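The values are calculated or read from the model by the stated rules, or taken from the named source; none is laboratory data. From a predicted model like this one, the values you see are computed outputs, not experimental measurements. We place every Cβ from the backbone using ideal geometry, glycine too, and count neighbours over all the protein chains shown.
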Amino acid sequence: DMPDEAAALAAEYCADRGPETNPILGPTTCTDGKINIEVQWPGPSVIQTRIAEILDEGWKSSFNVSFNELAQDENIQQIVLGEYNVATWRQFDAVDPSTDKVWLMCRTIDFISLNFPRYCDEERDLLIDEAQGSTDPDVRVPLYQEISQNMHDAYTYVFLTHNIWDNAFAEDVRDMCDRTTLTARCCAAPSTAEHGSTRSGSPACRHQRKRTGAGAAHRVWPRRDQPEARR
């Protein structure tokens, strides 16, 4: 939203570290006063490609953006090994936010890292542990709000949109929703690893399906331990 200020930051960064090598792209960190970065995503995906193009439109005044669409298995491998500058995909869809702590904790940073930006904040870890240790919403909510603010301030994740998935079933299919809103709308569906669905008049059967909910979000993140991504 502030391209002039972004350009000034990019110019300052390139003056300081421009001759360094971008470990992903190979050439120097900056070219013609702009920071060189690669954006990668799993594909083929028309939506993900459009997202990358929109990001480029917003970034091109200060960044030279390269695109890299990969098969999902290769994309995941590069992410967990830290072989990327910026990546987009869907994450953080747990009904209970404590389930998502694996993506944030310092202890999940290693050669293979589930903390994908490889950003460690031990104070945030303490907040996560404190929130998980309580069952009182009045205690947990302020803690998770503080954790969310930390994620925002660190710029390790930029949330783009929330996914809302619809699943249609025959009227005689039961037990596909384990939490409802006050208006009786399904807001969370059970995972097939833990639950089964039942059909009226028949034994329980299991469906291969993904966990649904409005918590899943497309987001973009940079590797925090790479210098060209810190701005």
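Criterion first (aromatic (Phe, Trp, Tyr) and modelled with pLDDT of 95 or more) does Phe92 satisfy it? If you could, list the steps in order and put the result at the bottom.
Values: aromatic (Phe, Trp, Tyr): yes; modelled with pLDDT of 95 or more: no.
Criteria not met by Phe92.
Is it the case, given these coordinates, that Ala71 is over 17 Å from the mean Cα position of the chain (by Cα) and under 22 Å from Asn163 (Cβ atoms)? Show your work before the answer.
On the way: over 17 Å from the mean Cα position of the chain (by Cα): yes; under 22 Å from Asn163 (Cβ atoms): yes.
Here the answer is yes, as Ala71 does meet what is asked.
Of all the listed residues (Val80, Val46, Val39), the sole one being out of contact with any Lys or Arg (no Cβ under 9 Å at 6 or more places or on another chain), at pLDDT 90 or above and buried (at least 18 other Cβ atoms within 10 Å of the Cβ) is Val39.
Of all residues in segment 82-114, count the ones that are under 18 Å from Asp153 (Cα atoms), in contact with a Cys (Cβ under 7 Å, 6 or more places away or on another chain) and assigned to a loop (DSSP other than H, G, I, E, B).
Applying the first criterion (under 18 Å from Asp153 (Cα atoms)) to segment 82-114 yields 86, 92, 101, 103-106.
Within this subset, residues satisfying the condition of being in contact with a Cys (Cβ under 7 Å, 6 or more places away or on another chain) are 106.
Next, only the ones that are assigned to a loop (DSSP other than H, G, I, E, B) stay: none.
Qualifying residue count, segment 82-114: 0.
Contact annotation: residue pairs with Cβ atoms under 6 Å, 6 or more positions apart or on different chains, pairing a residue in segment 140-162 that is of a type in the set (Lys, Arg) and assigned to a helix (DSSP H, G or I) with a partner that is at pLDDT 90 or above and loosely packed, with under 14 Cβ neighbours inside 10 Å, are Arg140/Ser134.
Among the residues of segment 67-77, write down those that are surrounded by fewer than 16 Cβ atoms within 10 Å (Cβ to Cβ), part of a strand (DSSP E or B) and in contact with a Gly (Cβ under 9 Å, 6 or more places away or on another chain). Spell out the reasoning first.
Initially, segment 67-77 is screened for residues surrounded by fewer than 16 Cβ atoms within 10 Å (Cβ to Cβ), giving 67, 69, 71-74, 76-77.
Adding the requirement that they be part of a strand (DSSP E or B) leaves 67, 69, 71.
Matches in segment 67-77: Glu69, Ala71.
The rows are residues; the columns are (1) at pLDDT below 85; (2) touching a strand residue (DSSP E or B) at 6+ places or on another chain (Cβ under 9 Å).
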| position | (1), (2) |
| --- | --- |
| Ser98 | no, no |
| Pro117 | no, yes |
| Arg124 | no, no |
| Ile147 | no, no |
| Asn163 | yes, yes |
